[in-house]
1. Using a 10 Å cut-off on Cβ atoms, rank the peptides B:189-195, B:96-102, B:65-71 from the highest mean neighbour count down.
2. Roughly speaking, what is the stretch gain from A:D54 to A:T83, that is 0.36 nm per residue apart minus the C-alpha to C-alpha distance, in nm to one decimal?
3. Ranking request for peptides B:129-141, B:32-44, A:24-36: highest mean number of other beta-carbon atoms within 10 Å first, then the rest in descending order.
4. For the residue pair B:E150 and B:D230, what label-to-label distance in nm results when each label sits 7 Å from Cα along the Cα-to-beta-carbon direction?
5. Under the rule of -39500 (n - 2.57) per DSSP H run of 4 or more residues, summed and divided by the residues of the protein assembly as shown, what mean residue ellipticity at 222 nm is obtained, to the nearest 500 deg cm²/dmol?
6. Under the definition of partner shielding as Cβ atoms of other protein chains within 10 Å of a residue Cβ, what is the mean value for peptide B:99-109?
7. Grab the alpha carbons of chain B, take their convex hull, and tell me the volume per residue in Å³.
8. In whole Å, what is the distance between the alpha-carbon centres of segment A:34-97 and segment B:153-204?
There are 2 protein chains.
Amino acid sequence: MARILYDLYGRDEQLRFSPYCWRVRMALAHKGLDVELKPWRFQQKDAIAFANTDKVPVLCDGDQVVADSFSIMGYLDDAYPDTPSVLGSGASYQRALLFSHYVDRQVSPALLRIVALDLLTAIHPDDRDYFRATREARFGCTLEEFHSPEQGQTLLHKALAPVRAVLRTSPFLDGETPGGADYLLFGSIMWANVVSLQAPVIEEAMIDDWFRRLCAFYDGMGNHALTVRDLVDKQGA
Amino acid sequence: MARILYDLYGRDEQLRFSPYCWRVRMALAHKGLDVELKPWRFQQKDAIAFANTDKVPVLCDGDQVVADSFSIMGYLDDAYPDTPSVLGSGASYQRALLFSHYVDRQVSPALLRIVALDLLTAIHPDDRDYFRATREARFGCTLEEFHSPEQGQTLLHKALAPVRAVLRTSPFLDGETPGGADYLLFGSIMWANVVSLQAPVIEEAMIDDWFRRLCAFYDGMGNHALTVRDLVDKQGA
């Protein structure tokens, strides 16, 4: 049976921007595992209800169904022990989990401040009312009030301090070659990069260099990603 | 030859509060390695000049001399491969390094806001002028202005979010038993705990429980630590 990943798309079916789906795509590529990407939109809850979730990524691997990006990465390590490990086991796995929570709680919220309104442009027109309503309820303010790139960049600079320190001594967070910690952060930066109307989101050369090195991996998968800027050039905002 | 660790002391020779020395003491205990603690004070630079540093910890292990807590932890893993690993290797080591930078850049600065003036009470009277002068130069304000426990607690709560998330699913950061990631954070909290005039520094039960579990390890090494509160009860502030 085929391996299928439900992957969020936006105003164009090729515009793929979920940070969590990007994590999984990099993990699959790290292991040399093919996957068929199944385009999915925010409100297509019924299409993934079989996985007992309302969010992507959802991986169907033969008869195995796994939701949640970190769980999928762990599943892939368990199910394919002969492929290069992504999260590792024991303390290594735990430290990846710690970093995952750090990215979700400090890096992604900073990025969200930078691209909140850009996101609205990136998502499918049919999803925009849904997106605005759910996010404004979560933020407690309008998207326009939440959107503050300057404040976001200040938060991002602070949040990335430990990342900056590690990249001073090694080309990737996980060492000489990229691994799970790199993919966890890469997903969030790729998300912002795909939806940002004004690239680059990352203003620091050292971290931007790391991001571009990762974009070039796995046949340049990241480099080939369609961004909202490509669409706006053709279609207008 | 004996194994010797130069360890910072304060107003009492038994008051040991360096976060970096505590990391190393826990790492040594994790490996079942004995050590002789050599009391050292801020201004005794000459006593450790042989290690090409002006800061503790400095470990002398036979004819090996190692400075910097993270380097010492890595040295111990290399030199004693048959003992339980503290930092691990490869991605595991890298992720510990990432967490170390996170603790130094986010957790410790928050704790410092909480105990800045308490620290002045904890250190040796002969070191107080030196401490005030060097720290006020670094902070760009007086210790009294820098000291702001309420702001520190807010920063600490935010900084500990990833830690909180991991401790929801495992008793220690490194999993079922403590490891390097636990000791990296423990050192900073122990530092604040030893010098704080108003314990507990950690107001959240889940994280305080984790700290107390660690204090009970290795014959209750953390529980037996003298705190400035023990001294003030006897001597006054």
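1. Details: B:189-195: 26.3, B:96-102: 24.0, B:65-71: 18.7.
Packing proxy ranking, top to bottom: B:189-195, B:96-102, B:65-71.
2. Once the chain is fully extended between A:D54 and A:T83, it gains 7.5 nm.
3. On the way: B:129-141: 12.5, B:32-44: 14.8, A:24-36: 19.2.
So the peptides B:129-141, B:32-44, A:24-36, ranked by packing, come out A:24-36, B:32-44, B:129-141.
4. Between B:E150 and B:D230, the label points sit 3.3 nm apart.
5. Working: 23 runs with 249 residues, N = 474.
Mean residue ellipticity, 222 nm, calculated: -16000 deg cm²/dmol.
6. Working: counts 6, 3, 7, 10, 1, 3, 6, 6, 0, 0, 0.
What the average comes to for B:99-109 is 4.
7. It is 128 Å³ per residue.
8. 30
A short reminder: the numbers here are calculations on the coordinates, not readings from a lab. Note that the structure is predicted; figures quoted are calculated from it, not measured. Backbone-built Cβ (ideal geometry, glycine too); neighbour counts: all protein chains shown.
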